[in-house]
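Working notes, beginning with the structure itself.
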Amino acid sequence: MKKLYISLMLCAITLSSMAQQKPNYELAERFTPTKIHKMIYNRTVNPNWLKTGDMFWYSYKTSQGKKWYIVNPAKKSKTELFDNAYMAREITLLARTPFDAQHLPIENIRFNNASTSFTFEIANKYHHENKKDTIKGKKDSEKGDAFFFSYNLNNKKLELLKNYNSPKDSKDWASFSPDKKTIVFAKNNNLFYMDKENYNKVVVNEEDSTIIEHQLTTDGVVGFEYGEGIDYKDNVTVEKNKDKRKSPYIIWSPDSKKFAIVRYDTRKTRKLWVINPLSSPRPTLKSYSYLMPGEDNAPQESLYIFDMASKEIKEVDIAKYKDQTLSINSIRTLKKNYRDTINPSIWAGDKNTIFVTRQSRDIKRIDVAKVDISTLSVKELYADSMNVSIETRSPYITKKGDELIAWSELDGWGHFYLYDTEGNLKNQITKGEMHTDKLVNVDEENRILYFTAYGANKSQNPYYEHLCSINLDGSNFKILNKGDYTFSSSMCDSKNYFVSNYSRVDANPETALYNNKGRKIMNLETADLTQLMAFGYKFPERFTVKADDGMTDLYGVMYKPFDFDPNKKYPIIEYVYPGPQTEAVNAYFSPSMTRLEQLAQLGFIVITVGNRGGSPLRSEWYHSFGYGNLRDYGLADKKRVIEALSARHDFIDINRVGIQGHSGGGFMSTAAILTYPDFFKVAVSCAGNHDNTIYNSWWGEKHQGVYEETTDGETKFVFEITKNQDLAKNLKGKLMLVHGVVDDNVHIANTYRVIEALIKANKRFDFVVLPSEDHSFRNKDTYFFWRMADYFSQHLLGESNRDITDIKELHE
């Protein structure tokens, strides 16, 4: 009787709280993503480093328009690249088309090698397309759809280019040899090549094709092609790409005489299907190779070396693990920061040696091997193994070819190690409780490694990225861009300077220039958020709480209504993504979470927070916490966070808790409401991989685990995991499931299996099906948001009577 009385009291309190609040649709409509994006201009500087010296140029947009700047770090100077008013006037005079200083649509700036002048183009929006504009051989400047100019920095004169072809970026199908004389590409399952002279020629008929294109291979077939990645090979795309040039995915030798290629044989890999019900005149079937966890007939990967002189191709016997994956280590040119039209992919090592990474199917074993091109012999250099799946990075091979820098989590944290190219460990370069991540640059002469790291400053959020340096012998570690922010950096090729963009979720983004010792040279920009703040925007709030173990710190962000009243009680909604490859928590200011901020305006507290097992950017213990327990590992932390925040803040109503997520978050949100049915009252679960036995093999096998079982000499892979449909009988609250019919990533069968289990358990639920949508919902994002907003408003605020057709955003 006492328990019944308490339950009735809690119910009465909840209903009383709901009766006092109404969803604020007007405020939510005021802060749509479209409106917010119009009030956020540039947040970062993208430096375009020049070929001469360490100078760079960039553009930056504010509420006053866009301006272009050139920076000379040695002189500590930043000046306008040109006068906008002068440029607008001269362009108008030369092009006979009106432009003004505030709205200059300048694109594709390219400096000459001496950095004394640059060309650019402006689209001609008044151009009426004429078939004659596409006549073969016509210059770009003669086609009429754009104006081309040259600007001289010395005399500050502008010239209209009348007989001009703009430099073309390397086409996405073209693989240039290092000497830039030969182009290799894929077409109709095989490899072809052409000479540079024919690169920009248009193939009009079959006769042109035989003159311009020369076939290298003839044995390629659908499912075992040349020049295809491991991604889905569906029947629709295959037919659409017939007779089209595609990327060959090859890596050249430094002397341009050979290239290496990995081929993927998916002919025995089982197919999956989706049906597009809206195709006209008949629904169409899309079929694609899709390996599920534990299945046999995985794609088989093979390494080949092709000799351009003899036109011979040879396979390398490099097998080590069953169903292994291969990757050829290319030269880490790191970044040619100046814009170049051709950037060949070249293998690491000399002309006679390539380095290949092999990985076992269970992703617990990995090694780097050296292949002698002349003999095709293979030598293993070093190997890594763990009892859980491991992360990898391509090793850096020095220019001399006598050392390599490898990355490993061997000691429980991601660190760099120095080896010789015979596989002997020289020393561990980085150490300590931090996660090193990207190899940014290597000063081989002074033996300094530049890299990014997380958790380098123990007093800060461990998800803040910093640029660091250290000597290759492990001495003289430095954080180069200090401050309580997360940084993203671009370093010039000389390694003398770098540009850092930095921010937090609750701080205005800024940009500064530093030298390689970490000294700030000058501030460059501060983002213009004046219009956004004047509109009533407020930064979200950061918070830290303990995980369910009472020891591990979790980091999150809280979004409040902009008309927040601390004397009110608000329902709380948790937006979730479990990881383990990433956590859906912003460390920096970005409009990427706009929908969460918009949801908060209806009258909710909305939070995002990490969980143990969620991110690879901390210790390997943290990252692998959920290994073998992929459904449940993060749920206790998600519940504990809300309990802790409710105890900390009186404005949070712990009796009105919602949860929402997409993909892995859809999986997690459904698991949460079924595991803690008395805590989570409402869930909106989108495109969830509820049954990971039918999701792709990579995600499940890597993060849940797969083990080998050998019977009568035959090895098979076994995969076991708990599923959301197993918990269907527990549902008490309100659950909305959402899925796109043509989702070829997380198949809609995942949601159907949960629905069938709910029906068998006689449970009420809601299902929104999006007939034309794939995994992203990109074309129905607005419709979905307002359906979700209505659902949470109805069940957490007690009201959702607004006709969705009245939502103005749906008609924008």
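Scanning segment 82-110 for residues that are in contact with a Ser or Thr (Cβ under 9 Å, 6 or more places away or on another chain) and without any contact (Cβ under 8 Å) to a residue 60 or more places away in the chain yields Pro98, Phe99, Asp100, Ile106, Asn108. Go through (1) touching a helix residue (DSSP H, G or I) at 6+ places or on another chain (Cβ under 8 Å); (2) modelled with pLDDT of 90 or more; (3) surrounded by fewer than 20 Cβ atoms within 10 Å (Cβ to Cβ); (4) not small (Gly, Ala, Ser) and name the single condition Arg778 misses. Every listed condition holds for Arg778 apart from (1). If you check Lys716, Lys681 for being surrounded by fewer than 22 Cβ atoms within 10 Å (Cβ to Cβ), in contact with a strand residue (DSSP E or B) (Cβ under 9 Å, 6 or more places away or on another chain) and within 27 Å of His795 (Cα to Cα), only one passes: Lys681.
Which residue, of Glu756, Glu709, Glu799, is touching a residue at least 60 places away in the same chain (Cβ under 8 Å), over 28 Å from the mean Cα position of the chain (by Cα) and open to solvent by 50 Å² or more (accessible area, probe 1.4 Å)? Going through Glu756, Glu709, Glu799 in turn, the sole match is Glu799.
Can you say whether Arg764 is surrounded by fewer than 16 Cβ atoms within 10 Å (Cβ to Cβ) and within 26 Å of Thr693 (Cα to Cα), as far as the supplied structure shows? So Arg764 fits the description; yes. Residues that are of a type in the set (Val, Ile, Thr), more than 29 Å from Thr511 (Cβ to Cβ) and open to solvent by 20 Å² or more (accessible area, probe 1.4 Å): does segment 639-646 have at least one? For segment 639-646, residues of a type in the set (Val, Ile, Thr), more than 29 Å from Thr511 (Cβ to Cβ) and open to solvent by 20 Å² or more (accessible area, probe 1.4 Å): absent. Counting only residues that are in a loop (DSSP other than H, G, I, E, B), modelled with pLDDT of 95 or more and open to solvent by 20 Å² or more (accessible area, probe 1.4 Å), segment 555-582 holds 10 of them.
Please tell me if Ile261 is open to solvent by less than 20 Å² (accessible area, probe 1.4 Å), under 16 Å from Ser302 (Cβ atoms) and either over 30 Å from the mean Cα position of the chain (by Cα) or not small (Gly, Ala, Ser) (or both). Answer is yes for this residue.
When restricted to residues that are open to solvent by less than 30 Å² (accessible area, probe 1.4 Å) and part of a loop (DSSP other than H, G, I, E, B), segment 723-733 contains 2. Checked against the criteria, Gly666 does not count as within 28 Å of Asp437 (Cα to Cα), modelled with pLDDT of 95 or more and buried (at least 24 other Cβ atoms within 10 Å of the Cβ).
Report whether or not Leu303 is more than 19 Å from Val221 (Cα to Cα), touching a residue at least 12 places away in the same chain (Cβ under 8 Å) and of a type in the set (A, V, I, L, M, F, W, C). The answer is no for Leu303. One residue stands out in segment 218-248 among those that are surrounded by fewer than 20 Cβ atoms within 10 Å (Cβ to Cβ), among the hydroxyl-bearing types (Ser, Thr, Tyr) and modelled with pLDDT of 85 or more: the one that is farthest from Ser330 (Cα to Cα), namely Thr218. Scanning segment 52-97 for residues that are open to solvent by 60 Å² or more (accessible area, probe 1.4 Å) and not in a strand (DSSP E or B) gives Gly53, Gln64, Ala74, Lys75, Lys76, Asp83, Arg89, Leu93, Leu94, Arg96. Pairing residues of segment 759-780 that are in contact (Cβ under 8 Å) with a residue 12 or more places away in the chain with residues that are open to solvent by 50 Å² or more (accessible area, probe 1.4 Å) and part of a loop (DSSP other than H, G, I, E, B), at Cβ distances under 7 Å and at least 6 apart in sequence or on separate chains, gives Pro771/Pro277; Pro771/Leu278; Ser772/Leu278.
The values are calculated or read from the model by the stated rules, or taken from the named source; none is laboratory data. Computed from a prediction, not measured in an experiment: that's the story for all the values here. Every residue, glycine among them, receives a Cβ derived from its backbone with ideal geometry; neighbour counts consider all protein chains shown. The protein model used for the area step is the full one, side chains on, heavy atoms only, and it has no ligands, DNA or RNA in it. Shrake-Rupley method; radii C 1.70, N 1.55, O 1.52, S 1.80 Å.
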